[in-house]
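Peer 1: The structure's right below; bear with me while I get my questions together.
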Amino acid sequence: MCHEVVSVVEAGRRGSPDRDAFEWSVSLDSILVTRDHDFANPLKYDPSRAAAIVLLVRGNLKAAEEADIVQRFVETHDAASFHGKLVLLSRGAARIRGALRRPDEGH
C-alpha cells in the first residue's frame, strides 16, 4: 500500500502556527502526524474534522523509526477504525480515542 507523505517543511510551512497546520491537514483530508501534545486537546483540535490525528508519544525515536511505526499502524488498521479520531502511538502500543461528545449533542 502506498501513501503520500508531505511534511510541513516540504510544503514551505515550517514555523506555521499549530492552528494553521491543523487547518491545512483538514483541507487536504489527510492524517496529521505529530509529536506535539497540544494536538491531543480535542477542544482545540477536534479530530472529527480531520482524517485523523496521530500523536507519537513516549520515546526518543529517530525519524525512520517514527515513520515505521506510523506505516505499520496504517497498514494493520482499517481506516474506518481511526478516521476522525485521535491515535496515540508509541513503539509498542496504539490507542484510538473516539471523538469528544459535546453536551449539546444529547446522550
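Peer 1: Starting from region 53-65, take each residue that is within 25 Å of Trp24 (Cα to Cα) and list its partners that are aromatic (Phe, Trp, Tyr) and not in a helix (DSSP H, G or I), counting only C-beta distances under 8 angstrom and pairs at least six apart or across chains.
Peer 2: Close Cβ pairs (under 8 Å, with a partner that is aromatic (Phe, Trp, Tyr) and not in a helix (DSSP H, G or I)) amount to Ile53/Tyr45.
Peer 1: For region 75-83, check the following and say yes or no: at least one residue is out of contact with any Pro (no Cβ under 8 Å at 6 or more places or on another chain) and farther than 22 Å from Arg97 by Cβ.
Peer 2: Of all residues in region 75-83, those out of contact with any Pro (no Cβ under 8 Å at 6 or more places or on another chain) come to 75-83.
Filter once more, keeping what is farther than 22 Å from Arg97 by Cβ: none.
Within region 75-83, not a single residue is out of contact with any Pro (no Cβ under 8 Å at 6 or more places or on another chain) and farther than 22 Å from Arg97 by Cβ.
Peer 1: Name the residues in region 80-97 that are in a helix (DSSP H, G or I) and in contact (Cβ under 8 Å) with a residue 12 or more places away in the chain, would you? Full working, then the answer.
Peer 2: In the first step, residues of region 80-97 are kept if they are in a helix (DSSP H, G or I); the result is 80-82.
Those that are in a helix (DSSP H, G or I) and in contact (Cβ under 8 Å) with a residue 12 or more places away in the chain: Ser81, Phe82.
Peer 1: Now, a different point. Restricting to region 1-53, name every residue that is of a type in the set (Phe, Trp, Tyr) and out of contact with any Phe, Trp or Tyr (no Cβ under 9 Å at 6 or more places or on another chain). Reasoning before the result, please.
Peer 2: Initial filter on region 1-53 (of a type in the set (Phe, Trp, Tyr)): 22, 24, 39, 45.
Trp24, the sole residue that qualifies.
Peer 1: Which one of these is modelled with pLDDT of 90 or more and surrounded by fewer than 16 Cβ atoms within 10 Å (Cβ to Cβ): Asp46, Asp38, Asp104?
Peer 2: Numbers: Asp46 fails: surrounded by fewer than 16 Cβ atoms within 10 Å (Cβ to Cβ); Asp104 fails: modelled with pLDDT of 90 or more.
Selected residue: Asp38, the only one of Asp46, Asp38, Asp104 that is modelled with pLDDT of 90 or more and surrounded by fewer than 16 Cβ atoms within 10 Å (Cβ to Cβ).
Peer 1: Is it the case that region 18-35 has a residue that's farther than 19 Å from Val6 by Cβ, touching a residue at least 12 places away in the same chain (Cβ under 8 Å) and surrounded by fewer than 18 Cβ atoms within 10 Å (Cβ to Cβ)? Give the derivation first.
Peer 2: Initially, region 18-35 is screened for residues farther than 19 Å from Val6 by Cβ, giving none.
Within region 18-35 (the criterion being farther than 19 Å from Val6 by Cβ, touching a residue at least 12 places away in the same chain (Cβ under 8 Å) and surrounded by fewer than 18 Cβ atoms within 10 Å (Cβ to Cβ)), the answer is no, since none of the residues qualifies.
Peer 1: Going by the conditions given, is Glu75 surrounded by fewer than 13 Cβ atoms within 10 Å (Cβ to Cβ), in a helix (DSSP H, G or I) and not aliphatic (A, V, I, L, M)? Spell out the reasoning first.
Peer 2: Numbers: surrounded by fewer than 13 Cβ atoms within 10 Å (Cβ to Cβ): yes; in a helix (DSSP H, G or I): yes; not aliphatic (A, V, I, L, M): yes.
For Glu75, the condition - surrounded by fewer than 13 Cβ atoms within 10 Å (Cβ to Cβ), in a helix (DSSP H, G or I) and not aliphatic (A, V, I, L, M) - is met.
Peer 1: Given the residues Ala21, Ala50, which is the only one that is under 24 Å from Asp68 (Cα atoms) and in contact with a helix residue (DSSP H, G or I) (Cβ under 7 Å, 6 or more places away or on another chain)? Show your work before the answer.
Peer 2: Numbers: Ala21 fails: in contact with a helix residue (DSSP H, G or I) (Cβ under 7 Å, 6 or more places away or on another chain).
Testing whether each residue is under 24 Å from Asp68 (Cα atoms) and in contact with a helix residue (DSSP H, G or I) (Cβ under 7 Å, 6 or more places away or on another chain) leaves just Ala50.
Peer 1: Could I ask something else about it? For region 54-69, does any single residue satisfy the condition of being at pLDDT 90 or above, assigned to a helix (DSSP H, G or I) and touching a Phe, Trp or Tyr at 6+ places or on another chain (Cβ under 6 Å)?
Peer 2: No.
Peer 1: Step by step: first the residues of region 1-53, then only those that are of a type in the set (Ser, Thr, Tyr) and in a helix (DSSP H, G or I), then the one that is nearest to Gly84 (Cα to Cα). Which residue is that? Explain how you work it out, then say what you get.
Peer 2: Residues of region 1-53 that are of a type in the set (Ser, Thr, Tyr), as a first pass: 7, 16, 25, 27, 30, 34, 45, 48.
Adding the requirement that they be in a helix (DSSP H, G or I) leaves 25, 27, 48.
On the way: Ser25: 12, Ser27: 13, Ser48: 4 Å.
The qualifying residue nearest to Gly84 (Cα to Cα) is Ser48.
The values are calculated or read from the model by the stated rules, or taken from the named source; none is laboratory data. Values in this document were obtained by computation on a predicted structure and should not be read as measured data. With ideal geometry, Cβ positions are generated from the backbone for all residues, glycine too; neighbour counts draw on all protein chains shown.
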